[in-house]
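Right, one structure below, let's go through it.
The values are calculated or read from the model by the stated rules, or taken from the named source; none is laboratory data. Not measured: the values here are computed from a predicted model. Here the Cβ is made from the backbone with ideal geometry for all residues, glycine too, and neighbour counts use every protein chain on show. The accessibility values were calculated without ligands, DNA or RNA, using every heavy atom of the protein model including side chains. Shrake-Rupley method; radii C 1.70, N 1.55, O 1.52, S 1.80 Å.
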Amino acid sequence: MENWGKLSHMFVTVFLSNFADLMLSPAIPDVTLGAIAGVGSVIMMPLIGNLSDAYGRKALLTIPMVLATIPSVILAWKRTPNFFYAYYVIKTLTSMVTEGGVVCLALAYLADNVSEGKRVSAFGILSGVVSASFLGGTLAARLLPTNQIFQVSAAVSITAMIYMIVFLKDTTRITDALEQPILKVTESDEDGCKASKKIDFVKNIPSPKDIFRLLRSSIKFSLAAFVAFFNSLAEAGLQSCLLYFLKARFHFKKDQFADVLLIAYIGATVSNMVFMPTLGPRIGEETLLSLGMFAGFLNMFLDSIAWAAWVPYASASTGFFLFLSSPNLRSIISKQVGPNEQGLAQGCILGITAFANIISPLIYSPLSALVLSDDAPFHFQADRLLSEYSDKVSSSILKKRSQKHGPRGGLNPSSS
């Protein structure tokens, strides 16, 4: 793969960052924190992505990397009630940037350094790195004593930040020679330059109108955004209620549910890091996306009709293809915009998926509680899972339509 040296530093940075964050998730689960962070991500992801188009990927990546170290350092220092309160407040605020910010900038960085023909391989490896960090973080949280989890997480987070600053090389940006100053800036021009920089910064803040125009820049981009929304809506709904469904149906405990997730993520790690780089450039993103969507159908369908306790474990084996959807969608979207709009495009899609993750529990949790209660309208405990299956079908139909349209387009918000 081209530019492997530069890309490997980004992969290491993403792995260490996610590993440190996911270590804390089993130790301190909190739904409210995730919901508030999701609302912030809807706004922050397009902003961070667009600013990275103007000021560079590494400069913007430094922000979430630094912010991610603060919460873990607080609990690594002391775990008294006051420190826990400080952790929750700071974690809620920083998660608006850190949750999705690193992945958004990593995707844009890969698009800058990899040609379109090999981009699906790079995005697949990045997705595999994220899955591997989930496995490593979950296993570390299980094996380490509770009082050491926060210290190890803080150390890994700081290591990731230092590694990124030292080794990661920023993307080389090609600018028009006519835009370069002919003469050196003098002291009398210093104030004017500062004012100009402030104006440029304001222009690089995308408005809802800019985002709407980007989504309409091509039919394929619009349909891919709809696919990403419905796919995230279904996956977030499944994750929010599957534990309760398995507990009600087969008396599953958290450890058994964690084993199901581990099986799925082991398959995702192997498929994304081996299967996609090998076959992705040959068969294309659309075919792999279809395979991933079908695996999602099969996974939800088997869970919905599970007749024995071993069925959820068997359905988790579809994780080998289940997580192919997201990286292939990202690759398709990256090809619909220009090189100076990669950050904004990836940020918009991550904002859309964050919005889907917010509203999904609001839709499916009441339905799940109704179906699993004694007052259910009819005796079918898998009704809610099949409704998520219908969301997957809807996104698949939109994906099929997107394959018929391929016009390229883009938008630079600063020019609007």
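Would you please list the contacts, defined by Cβ atoms under 6 Å and residues six or more apart or on different chains, that run from a residue in region 113-127 that is within 17 Å of HIS9 (Cβ to Cβ) to a residue that is crowded, with 22+ Cβ neighbours inside 10 Å and of a type in the set (Lys, Arg)?
As it stands, the answer is PHE123/ARG330, since those pairs meet every condition given.
Considering only region 84-103, how many residues are at negative phi and open to solvent by less than 60 Å² (accessible area, probe 1.4 Å)?
Taking region 84-103 as the starting set, the residues that turn out to be at negative phi are 84-99, 101-103.
Applying the additional criterion that residues be open to solvent by less than 60 Å² (accessible area, probe 1.4 Å) yields 86-87, 90-92, 94-98, 101-103.
Going through region 84-103 one residue at a time, the tally reaches 13.
What pairs can you find where one residue is in region 54-75 and over 18 Å from SER25 (Cβ atoms), the other is open to solvent by less than 10 Å² (accessible area, probe 1.4 Å) and not in a helix (DSSP H, G or I), and their Cβ atoms are less than 9 Å apart, with a gap of 6+ or different chains?
Every condition considered, the pairs that remain are ARG57/LEU168; LYS58/LEU168; LEU61/LEU168.
Hey, can you tell me all the residues within region 298-323 that are in a helix (DSSP H, G or I), open to solvent by 30 Å² or more (accessible area, probe 1.4 Å) and more than 16 Å from PHE257 (Cβ to Cβ)?
Initial filter on region 298-323 (in a helix (DSSP H, G or I)): 298-304, 311-316, 319-322.
Subsequent filtering for residues that are open to solvent by 30 Å² or more (accessible area, probe 1.4 Å) retains 298, 301-302, 313-314, 320-321.
Once the filter is applied, which keeps residues that are in a helix (DSSP H, G or I), open to solvent by 30 Å² or more (accessible area, probe 1.4 Å) and more than 16 Å from PHE257 (Cβ to Cβ), region 298-323 yields LEU298, PHE301, PHE320, PHE321.
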